[in-house]
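Step one of this worksheet: look at the structure below.
The numbers here are math on the coordinates, done by the rules we state, and not lab data. From a predicted model like this one, the values you see are computed outputs, not experimental measurements. We place every Cβ from the backbone using ideal geometry, glycine too, and count neighbours over all the protein chains shown.
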Amino acid sequence: MPAIQKIRNHGVWLIGVIGLALFAFIAEEFFRSMETTANHSKQQVGEVYGETLSIQDFQEMVNEATEVYKMRTGQNLSDAMQDQVRDQVWNEFVVFQLVKHETDALGLYVTDAEVQDALVRGTAQSLQTLSMFANQQGHFDYTALQTFLKQYKEMKGKAQGEQFEQIETVYRLWKYAEKQLRKELLLNKYQGLFSQTVLANPVNAKQVFEDRNNTTTAVVAAMPFMAITDKVEVTDSELKAAYDKYKENFRLESELRDIKYIDVAVTASAADKKALDEEMNGIYEKLEAGTEPAVVVGGSNSIVRFVDMPLSANAFPMDVRQQLDSMSAGQVKKPYRNMADNTMNVVKLIAKTTTADSILYRAIFVQGKDEADVQQRHDSILNALRGGAKMKQIAKAYGQNADSAWVTSAQLEQGAAQPENVKFAKALYDASGLTSLDINGNRLILEIMQKKGSTPKYVAAVVKCNINFSKDTYNEAKNKLNLFLAKNKDLAAVEAAAAKAGYQLIDLPNFSSASHNIGATGRMPGVAGSKEALRWVFDDAKIGEVSKMYDCGEANDHILVVALSAVHEKGYMPWDAEDVKSFLTAVVTAEKKAEIAAKKLAGVKTIEAAKAKGAVVDTLKNSNFFLTPFISTTQAPEAKVAAALCATKVNQTTEPVVGTAGAYVLKVVSHDKGTAKFDETTETNMLARQYMQVAQGAFADLAHNAKIVDNRYKF
């Protein structure tokens with residue numbers, strides 16, 4: 001009872017405490033939910049129409065595409081190729097989501113029956129890379145796929161080792177192709193529907209054919225705008241008016257940023273080169289003295305390994321080939337510098353010989369209970385073969401087939417990384433008839449059946465060392481740049497002092513986060529390994545701010561500093577942005593000069609009169625309405641000229657025509673009909689394809705409405 005009374009006495013206080021506790025609990029859950037949402041958002045690579053792509057799913061798709069590439073080519077991907085795969089996966093995701101959004105709204109989808117029909121037909125693009133299921137004509141064979149899938153089901157769980165890996169590899173290729181096939185069919189279905197909105201008809205096709213087939217020759221008197229020296233003033237109000245007219249040209253689907261950066265490529269110093277010279281001279285002396293080549297090359301930093309077997313000239317670097325041609329056996333070439341690959345080189349020609357280009361052989365592996373048993377069987381088999389026995393019969397008795405096989409010298413050289421392959425190759429080159437050898441404890445009897453061709457080959461020791469910078473040289477370059485940045489802390493200061501300090505400040509406007517590296521533009525890869533700097537530009541940088549130094553480059557041989565000069569938000573570039581203003585100024589200037597040119601040619605009726613006004617006279621040949629004629633005197637294509645020529649009769653002169661780069665007076669010399677014959681089906685189909693290409697621009701509008709978010713740069 002006392003306890004209950006105590007609670008009653010403090011009731012209001014307790015209610016307040018409980019309320020606070022309850023609020024704290026709710027607040028904690030709220031902030032935990034907010035944190036979870038934020039973390040989830042941070043794991044999103046991108047978004048299309050609200051459909052998100054997580055980093056886990058994206059990486060899985062990239063890994064899948066990478067593995068497929070490796071399985072198809074047998075090659076590993078470089079960093080640049082890996083970036084291309086990431087781009088391809090992202091672009092496929094975006095296009096598929098754009099199309100799927102439309103097809104979902106239209107009720108279009110791909111049925112299992114349609115997939116089955118596509119497999120039977122075998123013409124889908126996604127099936128053409130499955131070479132293991134191709135028929136003799138090289139086309140996809142559905143029967144071969146069915147046979148494999150049946151075998152896979154029977155062997156799954158039974159096959160082991162290399163056999164299991166092979167069938168799993170083929171199965172993964174098929175599953176990837178199957179997913180791609182469904183996407184391809186949906187895209188084709190949507191495009192097929194879309195194509196019905198842009199139909200080509202025979203009447204239109206014939207008109208386009210005639211526009212292309214018929215040509216005009218004319219005399220052109222041109223007054224180029226660039227030759228008009230009258231002063232032209234351009235006001236901001238005129239630029240703004242032009243901006244309103246061309247505004248859609250400046251629409252940004254994603255944020256862009258203007259950056260400036262210093263890229264210091266570190267190279268070897270004089271001291272570094274001297275140290276390498278001394279090292280290479282020591283290597284030269286060892287090879288001259290007869291030290292084992294494998295020991296000398298293996299103990300150096302050579303990027304070319306030593307192979308103790310005859311190799312064709314193509315197996316050596318280009319500069320080494322040129323040296324071998326003029327060397328004799330036993331000669332050692334003194335150290336020389338090759339500027340093409342930035343290396344120092346020493347070459348010793350050990351032997352020069354001639355071997356076959358192709359060798360036909362067959363073989364038997366000799367196995368036994370122990371070494372004595374193997375030796376006894378080896379001798380017995382060899383004696384039997386020398387006595388006239390057939391290798392295939394003996395091989396069959398030992399559970400082998402001993403089928404003959406051709407091998408080329410190029411194939412043998414590809415396997416030269418393994419000592420056992422070198423031993424095998426030397427046996428093929430040196431032997432004729434029967435021979436035997438021991439490879440990793442296994443006895444092998446070879447029969448050399450035939451040799452074709454012959455090529456000079458070399459056994460050579462090559463020490464090729466990169467002319468690298470030392471750690472001290474790199475630190476010196478870094479310290480110098482660090483000192484420069486300590487004195488120049490913002491972009492304005494860096495711009496003012498960079499050139500005097502010996503640094504080039506590179507200007508890169510309209511830089512996109514979709515780039516893989518700083519400085520990447522078009523086909524230029526930029527500074528390799530600079531993704532951390534790229535993330536700084538788009539996540540942390542403020543206008544006028546200068547980044548820290550980044551260690552970059554494929555060989556960690558670049559030091560990078562970046563500064564942010566401007567931000568262009570998603571939407572429309574402003575009229576006074578540097579690139580936009582430059583374009584608008586050129587447009588308004590051209591319009592004003594067009595007015596001046598029109599006034600100068602006003603009332604002109606002949607080519608001679610136009611020439612008297614300052615026009616430049618030239619001849620225009622093979623012009624037609626299908627292709628915009630290019631006017632050499634103004635260095636510009638002019639669509640209005642094509643239209644004027646088509647509407648003008650022979651020997652008549654046009655009124656002045658004001659184009660985009662000049663004003664023109666034209667006199668038609670002749671209208672010529674081509675010899676091609678009109679084919680209604682061919683021309684209609686051609687026109688339909690052209691319309692479809694134009695219609696592809698609709699995807700840009702779809703993308704604009706899809707609110708695409710691209711966060712790939714974060715990962």
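See the values below:
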read-out: Value of relative contact order over the stretch 486-564, rounded to a whole percent, pairs C-alpha under 8 Å and six or more apart; value: 25 percent
read-out: For F699, F225, F538, order by how many other beta-carbon atoms lie within 10 Å, fewest first; value: F699, F538, F225
read-out: The stretch 223-255 residues near the modelled A609 label - backbone nitrogen below 20 Å, point 7 Å along Cα→Cβ; value: 223-224
read-out: Members of K231/K613; K245/K570; K231/K605; K179/K707; K247/K592; K100/K189 lying beyond 22 Å, as alpha-carbon distances in this model show; value: K231/K605; K179/K707
read-out: Förster radius 45 Å - calculated FRET efficiency between M132 and A700, Cβ distance, rounded to 0.05; value: 0.70
read-out: Which label in (i) 66, 64, 56; (ii) 118, 108, 71; (iii) 99, 62, 55 gives the computed Cα extents along the principal axes in Å; value: (ii)
read-out: Proximal lysines relative to K333, as straight alpha-carbon distance under 30 Å, when same-chain residues fewer than 8 apart are discounted; value: K273, K274, K286, K348, K352, K423, K426, K457, K464, K471
read-out: Calculated P(r) of the stretch 179-218 - Cα pairs past 13 Å, %; value: 68 percent
read-out: Amide hydrogen neighbours beyond the local backbone of Y572, cut-off 5 Å, H modeled; value: L252
read-out: For the chain: relative contact order, % (alpha-carbon pairs under 8 angstrom, 6 or more apart); value: 22 percent
read-out: Among 90-103, 653-666, the order from most to least packed when residues are scored by Cβ within 10 Å on average; value: 653-666, 90-103
read-out: Label point at S269 placed 7 Å out along Cα→Cβ; residues across the stretch 479-497 whose backbone nitrogen lies under 12 Å; value: 479-480
read-out: Principal-axis tilt of helix 55-73 within the chain, Cα atoms, nearest 10 degrees; value: 60 degrees
read-out: Protection-proxy order for peptides 314-327, 343-356, 431-444, each taking the mean of Cβ atoms within 10 Å per residue, highest first; value: 343-356, 314-327, 431-444
read-out: Helix 578-600 axis, angle to the chain major axis (alpha carbon atoms, nearest 10°); value: 50 degrees
read-out: Long-range amide H partners of I448 with built H, under 5 Å; value: G433, L434, T435
read-out: Cα-based shape type of the stretch 429-470, given that a ≥ b ≥ c are square roots of the gyration tensor eigenvalues and the cut on a/c is 1.5; value: oblate
